[in-house]
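K.L.:
Handing you this structure, nothing more for now.
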Amino acid sequence: MNCEKRLFYSVCNQLLISKPPGLFLIICALLFFSLVACSEEYPGLPDHIANSEHLLVFDKESITPKQFHFHRETVFEDSLHIDQIKDIKVDDDGRLYIASESWGRRQLHLFESDGSYIDSLGMMGTEPGEFQSIDHIQVIDEALFLSDESLQRVTIYNRYDFSLIDTLTFHQEKFPFPDGLTPDLYQLSPFAILDNESHIILFRQIRNPAYEPEGLMKIYLLETDGGIRWTKLAEMPDLTWLVGDYAGSPAAFTLHLPEQPLHQLSTNNRLITAHTSEFLITSRSINGDYVKFYYLPLQSIELHPSEINHPRFSHNNQVLRVRESAVYPEYWPALYSIVPDNANRIWVSTIPENRDRLDWWVIDEDSGELVTRFAWPFERPIVYVKGNSVYTVEKDGMGFERVVRYRFTEVLNGKNTTHPEIRMSDDAL
């Protein structure tokens, strides 16, 4: 249900212009009490969102009854021995791009839709066509855009012949930082290209996490047509570190499920943001004419430090002592990831009490509804969705990462149930 105060103010304004004062007061009073009744349906809303406009509050027990049936279809690996997959994208021809990191290697790998390996590009270094990291992939028309946060630049290739087109470097001399931000306080990271003159840029607070475990991340739109213009899009707490004692000195570490910001760009150029501390998803258009907040009240899962400090997690006694001396949050984060697809839906994974799995929720932005909810193995996180396929990152028998595609069908459930099911074929388990 959408309880928006904007309606109250706009209607009252029109009445004030066109109606007698007495009628104006009566109708506005009725509208006000309707608004209060709407708010009272969710009396437990956190203070920071209770008065938000464009807020949709979901009831997890009232989900549109649908089933998703999954079938494991294709594995993309080709014995590449990838230590970490940073990002993946699929172009309109069905070809898969994998941004990979391995010891001494930074490469982009390209696969056909059937899983056959095509080629790779890039190597570790700082020269044109080389990378320190490949953090984000974008496919726009005939071009590949590869963002390197470490080198603060975007490398552009032709996606058909892999020829190098251009390198866009972002630094303060060329693009003076906005709002008094300076390179000694904030690290700039290119995140997305909208067109030749519009870019989304991240600014992360530079800090020593042992002494500053909490910091800020800010997201800006940079426009360069006819000058340099910065527009602030979002600000969120950055990754939270925990601090323990290492022989009398502070030592920082992170949980495997940390509190951190989440940010994605949808195929229709909406910026989707959240923070893992709560199920509050923000969807906004870059030009500012659209914004929605999606909130689902979830019961927080209590964090027991013994789950993390048990000797089975490390044979290093000093590491254990650091972890045992740290002060832990009372609860686990609520969210793990957000994944927008090309059908104007947002896939959101949450952290349940059973942390061998993730609970997935699918929001339909067109209807403003929760489409379905299903459980999925934690070791097979869904990282990309396009068409009727989800793409996961999984480990092979030697611990190297690979991409696996599952085909899904969306079926209306004829039963009167509030908990739609996930059904997986035997080869998907």
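Quick note: the coordinates plus some simple rules give every number you see, no bench work behind them. As the structure is a computational prediction, the values presented were derived from the model and not from experiment. Neighbour counts are summed over all protein chains in view; Cβ atoms, including those assigned to glycine, are modelled from backbone coordinates with ideal geometry.
K.L.:
Under a 5 Å amide H to amide H cut-off, with H placed in plane at 1.01 Å, what residues pair with Tyr186 once short-range neighbours are removed?
P.N.:
HN-HN under 5 Å from Tyr186: Ile206.
K.L.:
Can you list the trypsin sites (Lys or Arg not before Pro) in the stretch 355-405 that are in a DSSP coil and have 14 or fewer other beta carbons within 10 angstrom?
P.N.:
Qualifying residues, ordered by number: Arg355.
K.L.:
Something else now. Expected output is a single nm value to one decimal: the length gained when fully extending between Ser79 and Glu353, i.e. 0.36 nm times separation in residues minus the C-alpha distance. What is it?
P.N.:
95.1 nm
K.L.:
Given a Förster radius of 22 Å and the C-beta distance between Gln172 and His256 as r, what FRET efficiency does 1/(1 + (r/R0)^6) yield to the nearest 0.05?
P.N.:
Efficiency, from the Cβ-Cβ distance: 0.05.
K.L.:
Report the Cα centroid-to-centroid distance between the stretch 191-208 and the stretch 96-127 in angstrom, as an integer.
P.N.:
The stretch 191-208 and the stretch 96-127 have Cα centres separated by 23 Å.
K.L.:
Could you check the spin-label model distance between Tyr211 and Asp93? Points 7 Å from the Cα along Cα→Cβ, value in nm.
P.N.:
It is 5.3 nm.
K.L.:
Hey, another quick one. Could you work out how far the C-alpha centroid of the stretch 244-264 sits from that of the stretch 341-370, in angstrom?
P.N.:
Using only Cα atoms to place each centre, the spacing works out to 26 Å.
K.L.:
If you don't mind, another one. If you take the beta carbon distance between His71 and Glu197 as r and set R0 to 60 Å, what does 1/(1 + (r/R0)^6) give as a FRET efficiency, to the nearest 0.05?
P.N.:
That gives a FRET efficiency of 0.90.
K.L.:
So, one more: Filter the GluC sites (Glu not before Pro) in the stretch 273-382 to those in DSSP coil with at most 15 other Cβ atoms within 10 Å of their Cβ, and list the result.
P.N.:
Answer in residue order: Glu330, Glu353, Glu379.
K.L.:
May I pose another question? Out of residues 5 or more away from Leu151 or on other chains, whose amide H comes under 5 Å of its own, with H placed 1.01 Å from N in the peptide plane?
P.N.:
Here the answer is Gln132, Ser133, since their amide H atoms fall under 5 Å of that of Leu151.
K.L.:
Got a sec to turn the phi values of the stretch 75-80 into Karplus ³J(HN,Hα) couplings, 6.51 cos²θ - 1.76 cosθ + 1.60 with θ = phi - 60°, whole Hz, x for Gly and Pro?
P.N.:
Residue by residue, the stretch 75-80 yields 10, 10, 8, 6, 6, 7 Hz.
K.L.:
While we're looking at this one, here's another question. Residues of the stretch 178-211 with backbone nitrogen within less than 18 Å of a virtual label 7 Å along the Cα-to-Cβ line of Ile140, please, listed as ranges.
P.N.:
189-202
K.L.:
Now a separate question. Could you list which residues have their amide H under 5 Å from that of Asp238, counting only those 5 or more apart in sequence or on another chain, with H placed in the peptide plane?
P.N.:
Gly215, Leu216, Met217
K.L.:
Sticking with this structure for a sec: For Lys395 and Asn342 in one chain, what is 0.36 nm times their gap in residues minus the Cα-Cα distance, to one decimal in nm?
P.N.:
So the chain would gain 16.5 nm between Lys395 and Asn342.
K.L.:
Hey, another quick one. For a 31 Å ceiling on Cα separation, which of these pairs sit above it: Lys232/Lys395; Lys89/Lys292; Lys174/Lys218; Lys218/Lys395?
P.N.:
Distance filter (> 31 Å) returns Lys232/Lys395; Lys218/Lys395.
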